[in-house]
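J.: This is the structure I have questions about; it appears just below.
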Amino acid sequence: MLQPNDLAIASSTGRIFTSGMRWTSDSVVGDGDLWTCDKDGVAKSLGTFMRTNGIEVSPDEKTLYLSEAGNKGGSVVSNVIHAFDLDAATGDVSNKRTFVDFAQLDQSEATDIDGMRTDVDGNLYVSRNGLGQVAVFAPAGELTAYINATSIDFVSNLEFGGPNGTDLYLIGRCKEDETKGCADVLKGSVQGRAFSNLQPSAAAPTATPTDEPNASSTDKSATSPTVRRCPSK
């Protein structure tokens, strides 16, 4: 197992999924990996990749998302998100497919994907570490919005929180001083998956497509998202 980078939890089984990363100038398969660990502490490998980073589970726990990036000559040359069919009980994944390829989407493949989280409607929120943005994707893979951070250039992670679990917290390097860390809080109306799962006696939510991601806000620190549709396939 490489040094763990990020993790996601399937709450119905207590199973943890982790991504690992090793930075090299020229990426090869083995610079990233995917592991799972059950609630008894038994771990198993689910595969090796180039650099892996963001990882998340869908609200119905039937899909696992994993980011993979590649370097060449010390420069980042690719960033994609894979989707897998997930068996949350056994931890097994199958049917690997491309959920989004940023080279094809908007030519931003040189900007790394970082932390990822889903809301209860199944939308996937993706940190772009270098663009000061979060990209939001519907469950079917359609880009529905870009959310601009207000004080952060390098968004490294995100999570839902606040009193109702609908506030989106972003963290990363400050725009005004990159030696310091900043946090932005954006108000929304859709609850985060992890927050929902942590509530006592909460029923497991079902993922349903939505065209209204958690991007609307009345908070003065939040900016209105720029909506951009994916190219027709």
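The values are calculated or read from the model by the stated rules, or taken from the named source; none is laboratory data. Keep in mind it's a predicted model, so treat the numbers as computed, not measured. FYI the Cβ positions are ideal-geometry reconstructions off the backbone, even for glycines, and counts take in every protein chain you see.
J.: Which condition number in (1) crowded, with 16+ Cβ neighbours inside 10 Å; (2) under 18 Å from the mean Cα position of the chain (by Cα); (3) free of Cβ contacts under 8 Å to residues at least 60 places away in the same chain is the one that LEU2 fails?
T.: Looking at each condition in turn, LEU2 falls short on (2).
J.: Another one. Of all residues in region 12-36, how many are of a type outside the set (D, E, K, R), touching a residue at least 60 places away in the same chain (Cβ under 8 Å) and crowded, with 17+ Cβ neighbours inside 10 Å?
T.: Summing the residues that are of a type outside the set (D, E, K, R), touching a residue at least 60 places away in the same chain (Cβ under 8 Å) and crowded, with 17+ Cβ neighbours inside 10 Å in region 12-36 gives 1.
J.: Here is a further query. Sort out which residues of region 184-226 are surrounded by 14 or more Cβ atoms within 10 Å (Cβ to Cβ), modelled with pLDDT of 70 or more and of a type outside the set (S, T, N, Q), and write them in order of number.
T.: Scanning region 184-226 gives ASP184, VAL185, LEU186, LYS187, GLY188, VAL190, GLY192, ARG193, ALA194, PHE195.
J.: Restricted to region 89-106, and to residues that are charged (D, E, K, R) and at pLDDT 95 or above, which residue is surrounded by the fewest Cβ atoms within 10 Å (Cβ to Cβ)? Explain how you work it out, then say what you get.
T.: Of all residues in region 89-106, those charged (D, E, K, R) come to 92, 96-97, 101, 106.
The next check asks that each one be at pLDDT 95 or above; those that pass are 92, 96-97, 101.
Details: ASP92: 14, LYS96: 14, ARG97: 9, ASP101: 13.
Of everything passing the filter in region 89-106, ARG97 is surrounded by the fewest Cβ atoms within 10 Å (Cβ to Cβ).
J.: Also, quick follow-up: Please specify each residue of region 79-104 satisfying the condition of being closer than 17 Å to CYS37 by Cα and not in a strand (DSSP E or B).
T.: Residues satisfying the conditions are ASP87, ALA88, ALA89, THR90, GLY91, ASP92.
J.: Out of all the residues in region 50-72, is one or more in contact (Cβ under 8 Å) with a residue 24 or more places away in the chain, surrounded by fewer than 15 Cβ atoms within 10 Å (Cβ to Cβ), assigned to a strand (DSSP E or B) and out of contact with any Cys (no Cβ under 6 Å at 6 or more places or on another chain)?
T.: Taking every residue of region 50-72 in turn, at least one turns out to be in contact (Cβ under 8 Å) with a residue 24 or more places away in the chain, surrounded by fewer than 15 Cβ atoms within 10 Å (Cβ to Cβ), assigned to a strand (DSSP E or B) and out of contact with any Cys (no Cβ under 6 Å at 6 or more places or on another chain).
J.: Whether any residue in region 67-75 is more than 24 Å from GLN104 (Cβ to Cβ) and of a type in the set (Lys, Arg) is what I want to check. Talk me through it step by step, then tell me what you get.
T.: Filtering region 67-75 for residues more than 24 Å from GLN104 (Cβ to Cβ) gives none.
The answer is no; no qualifying residue exists.
J.: Any idea which of (1) crowded, with 20+ Cβ neighbours inside 10 Å; (2) within 20 Å of LEU124 (Cβ to Cβ) is the one TYR169 doesn't satisfy?
T.: (1) is the only condition that TYR169 fails.
J.: Tally the residues that are closer than 15 Å to GLY115 by Cβ and among the charged types (D, E, K, R), restricting the search to region 171-198.
T.: Qualifying residue count for the region: 3.
J.: Something else: Could you count how many residues in region 1-20 are in contact with a strand residue (DSSP E or B) (Cβ under 9 Å, 6 or more places away or on another chain) and not in a strand (DSSP E or B)?
T.: Total satisfying the criteria: 4.
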